[in-house]
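**Q** One structure, as structure tokens, below. Some questions next.
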Amino acid sequence: MSFRRIIVIGCSGSGKSTLAPLVAARLALPYLATDGVYWTHDWRPTPAAEVRAWVDEATSAEAWVLDGNFDTERDLLWARAELAVWLDLSFPTTLWRVSHRNLGWWIRRQTVWGGARMTLRKALAGIRHTLRSYAQKHATYPALLADFPNLQVVRLTSPAAVKGWLAGLSDV
């Protein structure tokens, strides 16, 4: 079976935004980058109705690879997807990645989502978000994913597993 609607999900820092464009390129599917959907240029959250409208419009297409959980839009996104690639990496790996990423953006004064520049406060808030949400996603995703029988799920639990799965992607 070839999948044409693919979501890459996982905790912040798990590698969703890194893996999804690689999957899209390998399968010649459009990539829907989502990091910028949540934040405005001045670090204000995008209104929920706008996020939902974006998800609705973006995922009404015939084919896409999307990186993001969109927990409150799960009813739309997960119902439309055919394959969920769950990056369920270890807590130390995920925490290292989000810390390295966020603090690196801050040190380099890098512009990120929505054109905002990473601040120390936002970098630390992102790390705290991972600390709070990692266990919750790890514990609840199996049951949540089971609620969507349309979804085939690939659960990847290590960087080596991600690399191996991506290498064999033409078989998906």
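The values are calculated or read from the model by the stated rules, or taken from the named source; none is laboratory data. Since the structure is predicted, the reported quantities are computational estimates derived from the model, not experimental observations. Neighbour counts run over all protein chains shown; Cβ positions are idealised from the backbone, glycine included. To get the accessible areas, we keep the full protein, side chains included, count just its heavy atoms, and leave off ligands, DNA and RNA. Shrake-Rupley method; radii C 1.70, N 1.55, O 1.52, S 1.80 Å.
**Q** Accessible area of the chain with a 1.4 Å probe: how many percent of it is carbon plus sulfur?
**A** The value for the chain is 59 percent carbon and sulfur by accessible area.
**Q** A further question follows. Regarding region 24-172, what are the three Cα extents along the principal axes, ordered largest first, in Å?
**A** In descending order, the Cα extents are 41, 35, 30 Å.
**Q** I'd like the antiparallel share, as a percent to the nearest 5, of DSSP beta bridges with both residues in region 5-112.
**A** Percent antiparallel among DSSP bridges in region 5-112 is about 10.
**Q** Which of rounded, prolate or oblate describes region 40-105 when judged by the alpha-carbon gyration tensor and an a/c cut-off of 1.5?
**A** Here region 40-105 falls in the oblate category.
**Q** For residue 155 and residue 63, calculate 0.36 nm times their separation in residues minus their Cα-Cα distance, and state this gained length in nm to one decimal.
**A** Details: separation 92, 0.36 × 92 = 33.12 nm, distance 2.12 nm.
Extra length from residue 155 to residue 63 when fully extended: 31.0 nm.
**Q** Another question, if that's okay. Got a sec? Which residues in region 1-19 would a label at residue 100 touch, if it sits 7 Å along Cα→Cβ and we count backbone N under 17 Å?
**A** Of the residues in region 1-19, 11-19 have backbone N under 17 Å from the label point off residue 100.
**Q** Please work out the average accessible area per residue across region 13-172, using the 1.4 Å probe convention, and give it in Å².
**A** 53 Å²
**Q** Right, next: How large is the convex hull of the C-alpha atoms of region 1-79 per residue, in Å³?
**A** Numbers: hull volume 7.9 nm³, N = 79.
Normalising the Cα hull of region 1-79 by residue number yields 100 Å³.
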